[in-house]
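This report refers to the structure that appears directly beneath it.
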Amino acid sequence: MKVFEIKQKIVDNVSKVIFGKKEVVEKLVVAFMIGGHVLIEDVPGTGKTMLARAISISLGLDFKRVQFTPDLLPTDLTGLSIYKKESEKFEFKKGPIFTDILLIDEINRATPKTQSALLEAMAENQVTVDGVTHPLSENFFVIATQNPIEYQGTFPLPEAQLDRFAFLLRVGYPGHDKEVEMLTSQMKHHPIFDVKTEVSAEEVSFIRNSVKNVTVDDTIKDYIVSIVEHTRHNKDLYLGASPRASISLMRGAMAYALISGRGYVIPEDVKTIAKEVLTHRLILTSEARVRMRKVEDVIEGTFEEVPLPVMKKDEI
């Protein structure tokens, strides 16, 4: 079975719960395929939590949800060593981070100390507790949510934390017809109960391993680096994109090409996922904010100023 067909099974399954958001679901699948992590930023009630649940059920992976609050401790997430009187030894009790898909609801409500407990896990796929390193699942995937309009009692994520997320996604409101369809679907029961596992463990491994076989021409790599470099020298930006952003942009484009039915990357693949990769990594200057500039405007300007690469047929 091709990656495109596996992707379609997942999208169709999740669409039983999340209506009219095929592109969002596809990009969430892309992030999973490249071993990245996703920050979903949107107003309450747009289906952020249901999206994470539906994806985990579709993939047949272990799923845990943690509600971040100001009193949450790092050990509540990672686990801790407990002394056992019977054996006279310390025994490590694993926290919810030891799972495949970890949903963190309202990540910006926890203190920076607890937020930082995720850094090692997201960057190195392991956690260190009491000097002992514990490996995480090979499918470890963080989906974090936050409300962009509620600031009281929140702790904004630092740049180092934001950079660990491969993509920033926004679900948005459904269209009128899709919202009517959503109401109809929930008249008797919640449609999350109609979502079934559609992908086997072998297929999960297949779609993740297939990404490395996608061809990326040097002209595409040059295009990606040119986009990222442009953000570092943009007068409207206090902080541009990091080399980690370049990697996420390349690997994301590789996965997007694959779910589109191609074994090679074209410039449009890069442009399709660029906003998701770059938006949360760029910081506007105070002058740009006064002029009501938006990060999305800067990214659009970058597309206009960085020329598209011209690819020959023998290069693809």
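Counting 0.36 nm for each residue step from S205 to R289 and taking away their Cα separation leaves a gain of 25.9 nm. A simple charge model with +1 on the Cβ of Lys and Arg, -1 on the Cβ of Asp and Glu and nothing else charged puts the dipole of segment 214-315 at about 360 debye relative to its Cα centre. Please find the FRET efficiency linking R65 to K22, where r is the Cβ-Cβ separation and R0 is fixed at 30 Å, and quote it to the nearest 0.05. Efficiency computed from Cβ-Cβ geometry: 0.80. Assuming charge only on the beta carbon of Lys and Arg (+1) and of Asp and Glu (-1), the dipole of the chain about its Cα centre is about 300 debye to the nearest 20. Ranking V38, L80, V11 by Cα position along the charge dipole of the chain, where only Lys, Arg, Asp and Glu carry charges on their C-beta atoms, puts L80 farthest toward the positive end.
Mean residue ellipticity at 222 nm, helices only, the chain: -12500 deg cm²/dmol; runs of at least 4 DSSP H residues each add -39,500 (n - 2.57), and the sum is divided by the number of residues.
From the square roots a ≥ b ≥ c of the eigenvalues of the alpha-carbon gyration tensor of the chain, which class results: rounded (a/c under 1.5), prolate (a/b over b/c), or oblate? Note, shape of the chain comes out rounded. Amide H contacts of G79: G95, each under 5 Å away and 5 or more positions distant or on a separate chain (H built 1.01 Å from N in the peptide plane; Pro and chain starts excluded). On the basis of the beta-carbon distance and an R0 of 30 Å, D177 and E300 show a calculated FRET efficiency of 0.55.
When segment 209-300 is described by a simple charge dipole with +1 on each Lys and Arg Cβ and -1 on each Asp and Glu Cβ, the residue from V214, V228, G261 located farthest towards its positive end is V228.
Note on the chain: with a GNM built from Cα contacts shorter than 10 Å, the maximum mean-square fluctuation among M122, M33, M187 falls on M187.
Build a GNM of the chain with springs between Cα atoms under 10 Å apart, and of E300, E106, E198 the one that fluctuates most is E300. Close amide H pairs (under 5 Å, H built 1.01 Å from N) link I40 with A144, T145, Q146, L169, residues at least 5 positions away or on another chain. Residues whose amide H comes within less than 5 Å of that of I283, counting only those at least five positions distant or on another chain, are Y238, L239 (H built at 1.01 Å from N in the peptide plane). Listed values for segment 281-289 are Karplus-derived 3J(HN,Hα) couplings in whole Hz (6.51 cos²θ - 1.76 cosθ + 1.60, θ = phi - 60°), namely 9, 9, 10, 6, 6, 4, 5, 5, 5, and x replaces Gly and Pro.
If you take all other residues with their beta carbon under 10 Å from the beta carbon of T69, and give Lys and Arg +1 and Asp and Glu -1, the sum is -3. Packing-based ranking of 92-99, 200-207 yields 92-99, 200-207, ordered from highest to lowest mean Cβ neighbour count within 10 Å. The loop-placed GluC sites (Glu not before Pro) in segment 56-98, going by DSSP, that have at most 11 neighbouring Cβ atoms within 10 Å of their Cβ come out as E86, E88. Backbone geometry of segment 193-210 corresponds, through the Karplus equation with coefficients 6.51, -1.76 and 1.60 at θ = phi - 60°, to 3J(HN,Hα) couplings of 6, 8, 7, 10, 5, 10, 10, 7, 4, 5, 6, 4, 5, 5, 5, 6, 6, 5 Hz, x marking Gly and Pro. As a proxy for reagent exposure, H190, H230 were ordered by neighbouring Cβ count within 10 angstrom, fewest first; the result is H190, H230. In this structure, the residue pairs whose Cα-Cα separation is over 20 Å, taken from K221/K271; K271/K294; K22/K212; K64/K196; K85/K113, are K22/K212; K85/K113. Computed over neighbours whose Cβ is under 12 Å from that of G60, the net charge equals -3, Lys and Arg +1, Asp and Glu -1.
Laboratory data are not the source of any read-out in this text; all were calculated from the coordinates shown. Please read all numbers here as calculations on a predicted model, not as lab measurements. So basically every Cβ, Gly included, is an ideal-geometry build from the backbone, and we count neighbours across all protein chains shown.
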